[in-house]
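The values are calculated or read from the model by the stated rules, or taken from the named source; none is laboratory data. Just so it is clear, the model here is predicted, and its values are computed rather than measured. Please note: Cβ atoms are built from the backbone with ideal geometry, for glycine as well, and neighbour counts cover all protein chains shown.
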């Protein structure tokens, strides 16, 4: 082997290809183009004089060398994330970047006035809001604070339960008028994607109404909300989104399976950070004023 040493940046590229199995997937993870990954892997193999991957039509398959690098790289990555969190956790300034993630419907319909108030109160904090219905990873610093609808918050996070989130099936009045003779099973159904984390609507539907016709699925409740308003069919929606809409009606009593909890979470090593603590305390109090809209 040459006397050249591997660097962390080398390991990042190998790690991405190991995890994704393709150059294009690794490029997306790293934020570079396909050709950059190709060149870097070739250069690393030349540096260590070993083949890291078998090039197959289906993708890149790890060799024994890359398997060994993967194990070490993941340990180094975890240590770097831990160091980053510790350094940020010790930061007591009410300034700097703060990364927050929240579901889209909740962010737009409930949180935005409070986000605006927070930004005006703390102008030196740069709030980066990721509107995501998928769960960003707090341990890997994809977000500093997560506002999540879940009944099972991750054990690796700390935080507080803010309230319950109620939901049920809604339909437009005009749809009811046009389908006055139809039963619930005969309605056109609009459902979240299978991995939608808001509430167990899909599981409930499969258990209680397995034969219904689902004509539209979406990864965002805002799309289902708009489709219901336009008279396409019925959909499970949270109270805070659908109840204020005058043209919508509840179809059934809220199933207990639809109830989820709203959590405000962060990583344990970040909870001492001044800007994280300021945001968490501010939002906890602010959401408390909206409970009648969220839980009713």
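Descriptive notes on the structure:
- Residue in segment 202-221 that is part of a strand (DSSP E or B), in contact with a helix residue (DSSP H, G or I) (Cβ under 9 Å, 6 or more places away or on another chain), surrounded by fewer than 17 Cβ atoms within 10 Å (Cβ to Cβ) and in contact (Cβ under 8 Å) with a residue 40 or more places away in the chain present: no
- Qualifying residue in segment 121-138 (condition: modelled with pLDDT of 90 or more, within 19 Å of residue 235 (Cβ to Cβ), outside any loop (DSSP other than H, G, I, E, B) and touching a helix residue (DSSP H, G or I) at 6+ places or on another chain (Cβ under 9 Å)): no
- Selected residue (criterion: surrounded by the most Cβ atoms within 10 Å (Cβ to Cβ)) from residues of segment 57-90 that are modelled with pLDDT of 80 or more and out of contact with any helix residue (DSSP H, G or I) (no Cβ under 9 Å at 6 or more places or on another chain): 63
Residue-wise test of (1) outside the structural domain of residue 193 (by TED's automatic domain parsing); (2) in contact with a strand residue (DSSP E or B) (Cβ under 8 Å, 6 or more places away or on another chain); (3) closer than 13 Å to residue 162 by Cα.
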residue	(1), (2), (3)
230	no, yes, no
234	no, yes, no
237	no, yes, no
247	no, yes, no
252	no, yes, no
273	yes, no, no
291	yes, yes, yes
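- Number of positions in segment 259-274 that are assigned to a helix (DSSP H, G or I) and out of contact with any helix residue (DSSP H, G or I) (no Cβ under 9 Å at 6 or more places or on another chain): 1
- Checked against (1) in contact (Cβ under 8 Å) with a residue 60 or more places away in the chain; (2) out of contact with any helix residue (DSSP H, G or I) (no Cβ under 7 Å at 6 or more places or on another chain); (3) surrounded by 17 or more Cβ atoms within 10 Å (Cβ to Cβ), residue 291 passes all but a single condition, namely (3).
- Filter result for residue 218 (under 16 Å from residue 105 (Cβ atoms) and in contact with a strand residue (DSSP E or B) (Cβ under 6 Å, 6 or more places away or on another chain)): no
- Complete set of residues in segment 222-247 that are over 19 Å from residue 103 (Cα atoms) and surrounded by 21 or more Cβ atoms within 10 Å (Cβ to Cβ): 228, 233, 234
- Residue 152 meets all of the listed conditions (1) in contact (Cβ under 8 Å) with a residue 60 or more places away in the chain; (2) assigned by TED's automatic domain parsing to the domain that holds residue 283 but one, namely (1).
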